[in-house]
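Quick note: the coordinates plus some simple rules give every number you see, no bench work behind them. None of these values were measured; they are calculated from a predicted model. As a convention, Cβ positions derive from the backbone with ideal geometry for all residues, glycine included, and neighbour counts pool all protein chains shown.
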Amino acid sequence: MRLLIVEDEAKLAALLARGLRETGHAVDLADTGEEALWRAGSAAYDAVVLDVGLPTIDGFETCRRLRADGVRTPVLMLTARGEVEDRIAGLDGGADDYLVKPFDFGELEARLRALVRRGPVSAAVVLRAGPLRLDPAARRAWHGDAELDLSQKEFALLEVLLRRAGEALDRRALLEAAWDDAYDPRSNVVDVYVGYLRQKVDRPFGTALIATVRGVGYRLDAESEGDGGPDGAAGPKDDGAA
């Protein structure tokens, strides 16, 4: 395997590099997030061992930028932080595994082998469809360059639509994905929140991305453009009454 170790503690980096080289791996070192971004974008690695506590930009941000740059190399986060919140931040930021210091070298190598067997990450951390982008970890969404001000449920509903962009989703599927079983499936809450989303995602931009699919429910049609209304904004695209 060819590995990139991103660690600013020189002694630990040297120990890891020596151990991995002794077991037959090719190892490159970086001691900052900026160098890691350059190296990972310039060479093909089988895996990246990424420390969280880096200077300037930490490991969480480095991982997010790697994924935003299209680097799909498996990432193992290596850190002294063992809190649940930190593990969540690392995994949501695009890491594939998480190992807390101090660790056993054999376990590190075994985890790297497992990551390499899985292969490159196939899905981007930031969801994209047409002009829309949504970052589940940062809880932020954009239409083009404009950030959208969404409530928690609006965000959850848009995330479901983006993850299955182009698919016609019925109300029950949307209700189960964005709400929970406490809601009556006969409730019109989905229709209400689709209306809220259209007011924020479509109307200000003159688009009609959230389509009504007759007899089914709704679909995120990222290629749709509105035809404009009296105020210059597009009305929602409709395939007929659902």
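Each Lys and Arg contributes +1 and each Asp and Glu -1, all at the Cβ; summed about the Cα centre of segment 127-220, the dipole is approximately 260 debye.
Normalised by the number of residues in segment 2-118, what is the relative contact order in percent for Cα pairs under 8 Å and 6+ residues apart?
Values: 190 pairs, mean separation 26.4, N = 117.
Here the relative contact order equals 23 percent.
Here r is the Cβ-Cβ distance between R214 and R87 and R0 is 35 Å; the resulting FRET efficiency, rounded to 0.05, is 0.20. With both labels modelled 7 Å from their Cα along Cα-to-Cβ, the R128 to A43 distance reads 2.7 nm.
Please arrange I210, I57 by counting, for each residue, the other beta carbons lying within 10 Å of its beta carbon, fewest first.
Working: I210 22, I57 15.
Ascending Cβ contact count within 10 Å gives the list I57, I210.
For the chain, lysine pairs with C-alpha atoms less than 25 angstrom apart, excluding pairs fewer than eight positions apart on the same chain, total 4. Relative contact order of the chain, taken over Cα pairs closer than 8 Å and 6 or more residues apart, is 11 percent.
Between the listed residues G119, V49, T32, the Cα displaced farthest toward the positive end of the dipole of the chain, a dipole computed from Cβ unit charges relative to the Cα centre, is found at G119. Computed from Cα atoms, the angle from the helix 105-118 axis to the main principal axis of the chain rounds to 40 degrees. When only the Cβ of Lys, Arg, Asp and Glu is charged (+1, +1, -1, -1), the dipole of the chain relative to its Cα centre reaches about 520 debye.
Go ahead and run the numbers for FRET between R140 and L12, Cβ-Cβ distance against an R0 of 30 Å, rounding to 0.05. Let's see the in-between values first.
Working: r = 34 Å, r/R0 = 1.12.
Efficiency for this residue pair is about 0.35.
Fewest to most neighbouring Cβ within 10 Å: what's the order for F155, F105? Intermediate values should be presented prior to the final figure.
Values: F155 18, F105 12.
Result, fewest neighbours first: F105, F155.
Relative to the longest principal axis of the C-alpha atoms of the chain, give the angle of the C-alpha long axis of helix 152-163, reported between 0 and 90° and rounded to the nearest 10°. On a 0 to 90 degree scale, this one is about 80. Between the labelled values [x] 28, 23, 19; [y] 36, 24, 13; [z] 43, 18, 15, the entry that holds semi-axes √(5λ) of the Cα gyration tensor in Å as derived from this structure is [z].
Counting only GluC sites (Glu not before Pro) that are in a DSSP loop and have at most 16 other C-beta atoms within 10 Å, tell me the longest site-free stretch of the chain.
Values: sites that count: E9, E83, E167, E223, E225.
Free of exposed loop sites, the longest segment is 84-166.
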